[in-house]
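**Q** If you scroll down you'll find the structure; I have some questions about it.
The values are calculated or read from the model by the stated rules, or taken from the named source; none is laboratory data. Keep in mind that what you see is a predicted model, and the values were worked out from it rather than measured. Cβ placement follows ideal geometry from the backbone for every residue including glycine, while neighbour counts extend to all protein chains displayed. Keep in mind that these areas ignore ligands, DNA and RNA; they rest on the heavy atoms of the full protein, side chains included. Shrake-Rupley method; radii C 1.70, N 1.55, O 1.52, S 1.80 Å.
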Amino acid sequence: AEIALQKLGNGHELAIFAKGTALQALGKNDEAREAYKKAFEVAGKFWGDMYFQLGELSLFDKDFDAAAEHFQKAAETLDKERAPLELVAGAYQAAGKAIEKKGGRKNLDAANALFKKASSLLEGSAS
């Protein structure tokens, strides 16, 4: 990530995002959040992968509401970005898992709806 920053410069959102993912992989979650925030400031918007990473961080923090919200935004944004359906479906599955962790009948129903949506997307991509 530091090499990417050197090549692309501190003002390039993809390099900053790469640094965030590297920090996240190292377990430096607060620093990763700051890098994602900086990438957003430079880009002026979030993109699907960034929402997904924020969902992962929220899941790690056991903030299942925020995780589900980030994963759902990731799915919607990835879909708008015309990402492969497998990535969109994976984000819906992750949102479902986050909601499922909250427990309760209402949450399980919501999680199942997201799992079905992901499954539907995957079935559509196989044909």
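**Q** What's the extension gain from LEU108 to LEU26 if we count 0.36 nm per residue and subtract their Cα-Cα distance?
**A** This chain segment gains 26.3 nm when fully extended.
**Q** Would you please name the trypsin sites (Lys or Arg not before Pro) within the stretch 6-101 that are DSSP coil residues with at most 16 other C-beta atoms within 10 Å of their C-beta?
**A** Within the stretch 6-101, the qualifying trypsin sites (Lys or Arg not before Pro) (loop, at most 16 other Cβ atoms within 10 Å) are LYS28, LYS45, LYS62, ARG82.
**Q** Setting aside same-chain residues fewer than 8 positions from LYS38, which lysines have a Cα under 23 Å from its Cα?
**A** Candidates past the 8-residue exclusion: LYS7, LYS19, LYS28, LYS73, LYS80.
**Q** Relative to the longest principal Cα axis of the chain, at what angle does helix 85-102 sit, 0 to 90 degrees, rounded to 10?
**A** The angle comes out near 70 degrees.
**Q** Take the eigenvalues of the Cα gyration tensor for the stretch 53-127, scale each by 5, and report the square roots as semi-axes in whole Å, largest first.
**A** Over the Cα atoms of the stretch 53-127, the semi-axes work out to 21, 15, 7 Å.
**Q** Still on this structure, please answer the following. Report the extension gain between HIS12 and PHE60 in nm, rounded to one decimal, defined as 0.36 nm multiplied by the number of residues separating them, less their alpha carbon distance.
**A** Roughly 14.6 nm would be gained on extension.
**Q** What is the Rg over Rh value, at two decimals, for the chain, using alpha-carbon atoms and the Kirkwood definition of Rh?
**A** Rg/Rh for the chain comes to 1.03.
**Q** Now, a different point. Roughly how many percent of the accessible protein surface of the stretch 29-127 is carbon and sulfur, given a 1.4 Å probe and a whole-percent answer?
**A** With neighbouring chains kept in place, the figure for the stretch 29-127 is 50 percent.
**Q** How much area per residue is accessible in the chain when the probe is 1.4 Å and only protein heavy atoms are counted (Å²)?
**A** Averaged over the residues of the chain, the accessible area is 59 Å².
**Q** Going 7 Å from the Cα of SER119 toward and past its Cβ, which residues in the stretch 70-113 have a backbone nitrogen under 12 Å from where you end up?
**A** In the stretch 70-113, the label zone of SER119 (backbone N under 12 Å from the point 7 Å along Cα→Cβ) covers 112-113.
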